[in-house]
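The values are calculated or read from the model by the stated rules, or taken from the named source; none is laboratory data. This is a predicted model, so every value here is computed, not measured. Don't worry about glycine lacking a Cβ; one is built from the backbone with ideal geometry, like all the others, and counts go over all protein chains shown. In case anyone asks, the SASA skips ligands and DNA or RNA and just uses the protein heavy atoms, side chains included. Shrake-Rupley method; radii C 1.70, N 1.55, O 1.52, S 1.80 Å.
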Amino acid sequence: MTAEQPVGDAAELQTRANTIIKVADHETPLRLENITIRYGGERNGAERVSVVEDFGLELGAGEMHCVAGRSGSGKTSILTVSAGLTLPTAGRVFWEDAPLDTMDDDEVADRRRALIGYVDQGGALIEGMSALENVLLPAVPDGEVEQRTEMAKNLLELVGLGKRIKHRPEQLSGGERQRVAIARALILGTRVLVVDEPTASLDRTSANKIIGILKDTTKDGISVLVASHDHELIRVSDSMTELS
Ligand SMILES: Nc1ncnc2c1ncn2[C@@H]1O[C@H](COP(=O)(O)OP(=O)(O)OP(=O)(O)O)[C@@H](O)[C@H]1O
């Protein structure tokens, strides 16, 4: 090792600088106003279910918010609405102060790609593709795979999988798959990481590793919105909402 090479914290900082594109300093990347979510109804066939009533949230840059609550209380529903993947029945979603309800589908999709990284329950990966290829998937539509390959390797290093980049999902543990999914959600330089039940069905050690990674990303100014009833995850969050 030469004298110029950073060690310890400095080395990690340098890796992070090469990994996570510095975020624009917008104070509130995500805001939810008076969100109500209902499903079903006469035309739909299924019974009408009122899941969330008048929910509000301001997520500041670098903050972590946990949405907790029993199974079926509406945690995933709030996450998908926040990520612009589903529409609320009433209320408004703002990304960096821009209201989604004034955008057409293409604009929502474009802005989502630039702003939001979504990790769904179980962090679904494509079987048959390596961890590295999975992380690079979001870069495929814009033809940026080559350009982002180094960053993808750095991200896998950051989540502790630098020696597993060629492993396919079936060769990884549940916690490792979840970490690949988080790295994939960060590859486009996301500013808001939306993660559904990241520690469900993991042992305490693997769960704590994931929690550490999520907390670390907030130090880069990335906001994290997470759904979970994991007490440790709730404890390290800056704020939480308990759905009834
Ligand atoms: N597309 C849908 N159509 C009808 N009902 C739905 C739909 N999606 C969700 N629901 C219902 O809305 C409620 C909230 O679901 P949601 O997935 O948001 O809860 P959750 O808190 O994330 O649950 P879990 O912890 O079990 O994942 C549930 O009762 C569910 O059955």
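Data table
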| quantity | calculated |
| --- | --- |
| Residue selected from region 59-80 under the condition exposed (fewer than 15 other Cβ atoms within 10 Å of the Cβ) and at negative phi, by the criterion nearest to the ligand (Cβ to nearest atom) | S71 |
| Region 97-121 - residue that is open to solvent by 30 Å² or more (accessible area, probe 1.4 Å) and in contact (Cβ under 8 Å) with a residue 40 or more places away in the chain and, of those, nearest to the chain's Cα centre (by Cα) | Y118 |
| For A185: the one exception among (1) touching a Phe, Trp or Tyr at 6+ places or on another chain (Cβ under 8 Å); (2) over 20 Å from E157 (Cα atoms); (3) more than 16 Å from the ligand (Cβ to nearest atom) | (2) |
| Hits in region 125-171 - residues which are assigned to a loop (DSSP other than H, G, I, E, B), of a type in the set (V, I, T) and open to solvent by 40 Å² or more (accessible area, probe 1.4 Å) | I126, V140 |
| Of the criteria (1) of a type outside the set (A, V, I, L, M); (2) in contact (Cβ under 8 Å) with a residue 12 or more places away in the chain; (3) assigned to a helix (DSSP H, G or I), which one F94 fails | (3) |
| Residue count, region 26-58 (criterion: surrounded by fewer than 15 Cβ atoms within 10 Å (Cβ to Cβ) and aliphatic (A, V, I, L, M)) | 2 |
| Residue among V180, V195 that alone is crowded, with 24+ Cβ neighbours inside 10 Å, under 19 Å from S82 (Cβ atoms), at pLDDT 90 or above and not charged (D, E, K, R) | V195 |
| Residues satisfying the stated conditions in region 217-232, i.e. of a type outside the set (A, V, I, L, M), within 15 Å of the ligand (Cβ to nearest atom) and touching a residue at least 60 places away in the same chain (Cβ under 8 Å) | S228, H229 |
| Subset tally (residues that are open to solvent by less than 40 Å² (accessible area, probe 1.4 Å), β-branched (V, I, T), out of contact with any Cys (no Cβ under 6 Å at 6 or more places or on another chain) and not in a loop (DSSP other than H, G, I, E, B)) for region 198-244 | 8 |
| Some residue of region 82-93 being more than 16 Å from the ligand (Cβ to nearest atom) and not β-branched (V, I, T) | yes |
| Test: residue in region 172-184 that is of a type in the set (V, I, T), in contact with a strand residue (DSSP E or B) (Cβ under 9 Å, 6 or more places away or on another chain) and in contact (Cβ under 8 Å) with a residue 12 or more places away in the chain | yes |
